[in-house]
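Engineer: Quick one: the structure is below, and I'll ask about it shortly.
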Amino acid sequence: MPTDPPAGYVQFERLLALALPGLLLVACLVVIAPFAAALLWAAVIVVSLWRPLEWLTARLGGRRAAVGTLLALAMLALLVGPAVALGDAAVAAFPQVRAMAQALGAVAAERAPLWLAGVPVIGDRLAATWRVMVSDAGALIDTVGGVAPEIGAWLARQTLALGATLIQLLLVALATGVLYAQGPAGARVALRLAERVGGRDGIETLEVAVRAIRAVSAGVIGTAAVQAVLAWIGFAVAGVPAALPLAVGILVLGIVQVGPLPVWLPVVAWMFATAESTLAAVLLAAWCAGVVQTVDNVLRPILISRGARLPLLLMLVGVLGGLLSMGLIGVFLGPTILGVGYVLLRRWLGLEPILTAPSAA
């Protein structure tokens with residue numbers, strides 16, 4: 001008759017049954033890790049644009065793969081177009097930059113900058129050092145030669161970082177198209193996983209996460225669009241040339257959470273320097289600083305909290321905390337994480353659920 005295996009073997013088999021799936025999970029995470037950021041961005045974009053993409057798919061006869069391809073191509077165009085325009089502008093501006101550098105060198109050879117001599121205590125010594133360095137080209141060459149390796153290393157690092165960023169953006173574009181094309185299957189897997197892990201609570205948690213991502217997207221993009229429109233109105237009324245491209249720049253900076261200040265502040269400075277009437281520059285500065293710059297402090301939290309059906313303070317802390325801790329992707333992940341934690345806390349405390357009925361969408 002067969003005998004039962006020793007207790008040690010049974011414990012070893014149980015340990016092995018637990019260890020092998022864990023090792024497999026770790027191996028999968030190691031393989032996915034280089035693409036984690038791109039996949040997160042793709043998931044955020046697909047969840048945010050799901051409803052308009054579904055509308056487009058219905059208009060195209062249910063051709064989900066075609067819509068996914070169009071989405072990927074549109075994102076590639078948004079990435080490649082600005083890069084090509086920036087490179088073309090840099091090439092076109094190179095002769096002007098060279099001429100400016102030559103003129104600056106000619107002026108520097110004649111005299112030291114006036115502000116250099118006006119530096120308190122050490123201004124005269126700095127001006128004398130300037131004259132010695134300009135008159136003795138060898139010393140200037142030695143100084144530049146000592147700094148050149150550091151500058152070259154910095155440029156090399158920035159070039160590598162830019163290349164890695166472009167590769168990540170290309171991966172985001174491709175992953176977005178694929179994720180939407182496989183959207184229903186992925187949604188079913190996510191819903192089934194949430195149900196297996198937490199039952200109805202898991203479904204509610206998944207719904208809260210989806211609502212938070214969509215609400216943040218609507219709040220960020222909607223606020224940036226409002227700022228762009230308000231800035232365009234102010235620029236057009238003040239007679240600023242290229243008002244529409246400047247407004248588009250504010251839209252882009254608002255989406256990436258930089259803010260409109262880098263666009264309107266130079267415009268206001270230009271107005272003060274060139275405008276015939278100082279009143280127009282003052283009014284434009286007041287409009288940009290009082291309305292364009294501050295409207296996001298009121299509008300964005302309201303849009304986000306209403307869309308996610310979560311407390312305003314929770315969403316605001318999630319956006320700011322996520323941005324500070326995780327970068328731009330944290331703007332979306334921060335409110336999502338806090339929203340899920342808030343739902344789980346309410347469940348643990350025995351409070352009423354946030355949603356009256358779960359939605360499989």
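The values are calculated or read from the model by the stated rules, or taken from the named source; none is laboratory data. Values in this document were obtained by computation on a predicted structure and should not be read as measured data. When we count neighbours, we look across all protein chains shown, and the Cβ atoms used for this are built from the backbone with ideal geometry, even at glycine. When the accessible area is computed, the model is the full protein with side chains, heavy atoms only, and any ligands, DNA or RNA have been set aside. Shrake-Rupley method; radii C 1.70, N 1.55, O 1.52, S 1.80 Å.
Engineer: List, please: which pairs have Cβ atoms under 7 Å, are six or more places apart or on different chains, and start with a residue in the stretch 55-75 that is under 16 Å from Pro184 (Cβ atoms) and end with one that is open to solvent by 70 Å² or more (accessible area, probe 1.4 Å)?
Structural biologist: Thr57/Arg63; Gly68/Val178
Engineer: Give the stretch 266-296 a look and list any residue that's within 17 Å of Ala224 (Cβ to Cβ) and either hydroxyl-bearing (Ser, Thr, Tyr) or assigned to a helix (DSSP H, G or I) (or both), or say none.
Structural biologist: Residues of the stretch 266-296 within 17 Å of Ala224 (Cβ to Cβ): 288, 291-296.
Correct list: Cys288, Val291, Val292, Thr294, Val295, Asp296.
Engineer: Would you say Val248 is assigned to a loop (DSSP other than H, G, I, E, B), of a type in the set (A, V, I, L, M, F, W, C), modelled with pLDDT of 80 or more and in contact with a helix residue (DSSP H, G or I) (Cβ under 8 Å, 6 or more places away or on another chain)?
Structural biologist: Criteria not met by Val248.
Engineer: Please indicate, with yes or no, whether at least one residue in the stretch 185-203 is in contact with an Asp or Glu (Cβ under 8 Å, 6 or more places away or on another chain), small (Gly, Ala, Ser) and outside any helix (DSSP H, G or I).
Structural biologist: no
Engineer: I need the full set of residues from the stretch 195-207 which are in contact with a Gly (Cβ under 8 Å, 6 or more places away or on another chain) and modelled with pLDDT of 80 or more, in order please.
Structural biologist: Correct list: Glu195, Arg196.
Engineer: Considering only the stretch 45-57, how many residues are of a type outside the set (D, E, K, R) and either within 9 Å of Thr176 (Cα to Cα) or open to solvent by 40 Å² or more (accessible area, probe 1.4 Å) (or both)?
Structural biologist: Selection size over the stretch 45-57: 7.
Engineer: Within the group Leu15, Leu86, which residue is more than 30 Å from Leu251 (Cα to Cα), at pLDDT below 80 and either surrounded by fewer than 11 Cβ atoms within 10 Å (Cβ to Cβ) or of a type in the set (Val, Ile, Thr) (or both)?
Structural biologist: On the way: Leu86 fails: more than 30 Å from Leu251 (Cα to Cα).
Of Leu15, Leu86, the one residue that is more than 30 Å from Leu251 (Cα to Cα), at pLDDT below 80 and either surrounded by fewer than 11 Cβ atoms within 10 Å (Cβ to Cβ) or of a type in the set (Val, Ile, Thr) (or both) is Leu15.
Engineer: Right, next: Could you identify the single residue in Trp154, Trp232 that is modelled with pLDDT of 80 or more, open to solvent by 80 Å² or more (accessible area, probe 1.4 Å) and in a helix (DSSP H, G or I)? Step through it out loud before you land on a result.
Structural biologist: On the way: Trp154 fails: modelled with pLDDT of 80 or more.
So the residue among Trp154, Trp232 that is modelled with pLDDT of 80 or more, open to solvent by 80 Å² or more (accessible area, probe 1.4 Å) and in a helix (DSSP H, G or I) is Trp232.
Engineer: Looking at the structure I just gave you, is Val248 open to solvent by less than 50 Å² (accessible area, probe 1.4 Å) and under 25 Å from the mean Cα position of the chain (by Cα)?
Structural biologist: So Val248 fails the test.
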